[in-house]
Number of protein chains: 2
Amino acid sequence: MLLRVFTPVRRRSVSDEVFDQLKARIVRGEMEAGASLPSERKLAELLGVNRGALREALKRLEQARLVSIQHGGTTRVEAFLDTAGMDLLTEMLFVEDGGIDTTVVRSVMEMRSALAPDIARLAALRATDDHKDALLDVVGQMESMARDRAARQRLAMTFWGTMVAASRNVAYRLAYNTLNRSYQQFFEVMTDVLADELDDLAAYRAIADAIDRGDTASAERRASALVSKGADQVFGLVDALEADTTKGTP
Amino acid sequence: MLLRVFTPVRRRSVSDEVFDQLKARIVRGEMEAGASLPSERKLAELLGVNRGALREALKRLEQARLVSIQHGGTTRVEAFLDTAGMDLLTEMLFVEDGGIDTTVVRSVMEMRSALAPDIARLAALRATDDHKDALLDVVGQMESMARDRAARQRLAMTFWGTMVAASRNVAYRLAYNTLNRSYQQFFEVMTDVLADELDDLAAYRAIADAIDRGDTASAERRASALVSKGADQVFGLVDALEADTTKGTP
DNA sequence: AGAGGTAAACTGGTCATACCAGTTGTCGGG
DNA sequence: CCCGACAACTGGTATGACCAGTTTACCTCT
């Protein structure tokens, strides 16, 4: 962790700031779906920014399908649960006061559990020799770092990244990019939470071997078992957190 | 189809046009990853647009993670397969001359097949009474339109939308929004392609019933069987298309 | 009084221009 | 040869004007 003592100063531009602020307000339900935003001129004045900077933010909100803009009409808030894409997951992970939304964490882990087995199956079906070599190599590295779980965690990310590439499924690959991004926000915490999964070196080896010999059934089964370990741990954790929360606010 | 005789004139703004053009060029590989774009001033002049309009497009490309912008530095093309989100699927579906990319279609259907069973399982686990009623109602409507497949296809979309909502998994819900959007671009074609699936009214009924009584195993199994029907048809079609293509260009 | 149409007053969309704020490279002095 | 200051880039922000749609209110005609 010595590498991260100094957090890089992230200079945030005005339009980024505006985008994040409006996005947060919409996702937290402070502006209900269907409601009209103030006109660009008024909103820019309210926020104390230039109209151009505001427009950059609004166009991005439109692309994220959080608002819909109509030339001549007003800009309205969308029902984002029915329109937005997975990119919103990282925003929804956090609740107002810095806490995390356990239902979102559970959702992400459920999706991971559903996708990983099929990714492994397809990888066994379609992996090129390069992919196979890369997988076996990564697993070898993991085995050589049996005592450093955090290092293996980073290698596991490489492992799954290679798996997704080997599956040759572009939908999985793009979904993985987004899921991975939300995962990285909890990277340090996950080192302990996913201990059972990360310590199961035999499973990673078995998956790589199965893919190497094109054994789809075995790859699928082993991958399912592996990610279930981490998922079960996370489910237990979020269940406990939810029990605490409901108990704490009677 | 009488309702759609007149296609609404979709006035496209300058910044939308620029965004689409640059996005297409990047996705088609005409600008390789890591390459620098011309400066905003030059690019605006090349495109014949104002710098502000160009910036709106560039900020959207950055949000889609197709480019990375650095204050003071140059704007560079990203390796979008490793960065972009699922929203890019709709763009990648189409190849330069208007044809479709069969590998993308296959990817989407594979993802659908992987997610649908788990969505059904979770729906059986978590559906509220309102969700159950809505599902049973939709299935009832489908059964009453046994002869109009296109109408049932629209109802099937409602069915799955309700299923996803009932699963209470926000990751599935957001992914569904994106997948559904790409699906709707082929809506008319799919009426025939998915005939086997859409005609299996008993399956929809079985799933709704299983969810109504909280039978997770049955819901999962029936959903898996149902979507497999459509997937198999699509796989057969794209396999044939690919065989034609490779044969046509020796 | 009601229906119709027209104009004014909104809304977002585009533009030109200037300047601020970073980064990069170059050139001169130590 | 090293190093620091200064151009000359780059993107970021701001102002103000005008274009292009939509909505509304009012006025006219039936």
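Only the coordinates and a few stated rules stand behind these numbers; no lab work does. Only a predicted model underlies this, so the values are computations on that prediction, with no experimental measurement involved. Reconstructed Cβ throughout: ideal geometry from the backbone, glycine too, with neighbour counts over all protein chains shown.
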- Item | Within the range A:11-84: Cβ-based charge dipole about Cα centre, in debye rounded to nearest 20 (Lys, Arg +1; Asp, Glu -1) | 200 debye
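Can you run the Rg to Rh ratio on the range B:12-84? Use alpha carbon positions and the Kirkwood inverse-distance Rh.
In the range B:12-84, Rg relative to Rh is 0.93.
Looking at the P(r) of the protein assembly as shown, how many percent of alpha-carbon pairs lie beyond 34 Å? Before the final figure, lay out the partial values.
Values: 51493 of 124750 pairs.
Summing the P(r) tail past 34 Å for the protein assembly as shown gives 41 percent.
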- The Cα radius of gyration of the range B:128-250, divided by 2.2 N^0.38 Å with N its residue count, comes to 1.16
- Hey, what angle do you get for helix A:170-184 against the long axis of chain A, alpha-carbon based, 0 to 90 degrees rounded to 10? 80 degrees
- Query: Order of B:D129, A:D209 from fewest to most other C-beta atoms within 10 Å?
  - Reply: B:D129, A:D209
- Query: To the nearest 10 degrees, how steep is helix A:216-248 against the longest Cα principal axis of chain A, on a 0 to 90 scale?
  - Reply: 50 degrees
- Message: Counting other beta carbons within 10 Å of each residue's own, what order do A:S167, A:S182, A:S224 fall into, fewest first?
- Response: A:S224, A:S182, A:S167
- Task: In a Gaussian network model over chain A where Cα atoms closer than 10 Å are linked, find which of A:D118, A:D82, A:D101 has the largest mean-square fluctuation.
- Result: A:D82
- Query: For the pair B:A79 and A:A79, what calculated FRET efficiency results from E = 1/(1 + (r/R0)^6), where r is the Cβ-Cβ distance and R0 = 41 Å, to the nearest 0.05?
  - Reply: 0.80
- List every residue whose amide H lies under 5 Å from the amide H of B:I100, counting only residues 5 or more places away in sequence or on a different chain, with H placed 1.01 Å from N in the peptide plane. B:V95
- Message: For a 18 Å ceiling on Cα separation, which of these pairs sit above it: A:K59/B:K42; A:K59/B:K59; A:K23/A:K59?
- Response: A:K59/B:K42
- Message: Report, to one decimal in Å, the Kirkwood hydrodynamic radius for chain B based on all distinct Cα pairs.
- Response: 20.6 Å
- Query: Once both axes come from the Cα atoms, what is the angle between helix B:149-167 and the longest principal axis of chain B, in degrees from 0 to 90, rounded to 10?
  - Reply: 90 degrees
- Task: Could you tell me which of B:L58, B:M31, B:H71 has its Cα farthest along the dipole of the range B:12-84 towards the positive end, charges placed at Cβ (Lys, Arg +1; Asp, Glu -1), taken about the Cα centre?
- Result: B:H71
- Sketch the reach of a paramagnetic label on A:Q141 as a point 7 Å from Cα along Cα-to-Cβ, and name the residues of the range A:158-183 whose backbone nitrogen lies under 13 Å away. A:158-163
- Nonlocal amide H pairs with B:A35, under 5 Å, H built at 1.01 Å: B:V77
- Can you give the relative contact order of chain A as a percent, counting alpha carbon pairs under 8 Å and 6+ residues apart? 19 percent
- Residue-wise, which Karplus ³J(HN,Hα) couplings in Hz belong to the range B:93-104, taking 6.51 cos²θ - 1.76 cosθ + 1.60, θ = phi - 60°, and x for glycine or proline? 4, 9, 9, 3, 8, x, x, 10, 8, 5, 5, 6
- Straight-distance crosslink candidates among lysines, where the alpha carbon sits under 26 Å from A:K229 and sequence neighbours closer than 8 are dropped: A:K132
- Item | Selected from B:K59, B:K42, B:K23 as most flexible by GNM, with chain B as the system and alpha-carbon contacts under 10 Å | B:K42
- Mind checking which of A:M163, A:M190, A:A203 is farthest towards the positive end of the range A:140-250's charge dipole, using Cβ charges of +1 (Lys, Arg) and -1 (Asp, Glu) about the Cα centre? A:M163
- Treat every Asp and Glu Cβ in the protein assembly as shown as -1 and every Lys and Arg Cβ as +1, leave all other atoms uncharged, and give the resulting dipole magnitude about the Cα centre to the nearest 20 debye. 1320 debye
- Query: What is the magnitude of the charge dipole of the range B:90-248 about its Cα centre, with +1 placed on the Cβ of each Lys and Arg, -1 on the Cβ of each Asp and Glu, and no other charges, expressed in debye to the nearest 20?
  - Reply: 520 debye
- Using every Cα-Cα pair within the range B:111-156, state what percent have a distance larger than 11 Å. 71 percent
- Within the range B:122-204, which trypsin sites (Lys or Arg not before Pro) sit in a loop by DSSP and count at most 16 neighbouring Cβ atoms inside 10 Å? B:R147
- Just the projected area, averaged over all directions, of the convex hull on the alpha carbon atoms of the range A:69-183: how many nm²? 10.4 nm²
- Rank these for me by crowding, B:M145, A:M92, B:M163, going from fewest to most other beta carbons within 10 Å. B:M145, A:M92, B:M163
- Any GluC sites (Glu not before Pro) in the range B:36-117 that lie in a DSSP loop and have at most 14 other Cβ atoms within 10 Å would be B:E96
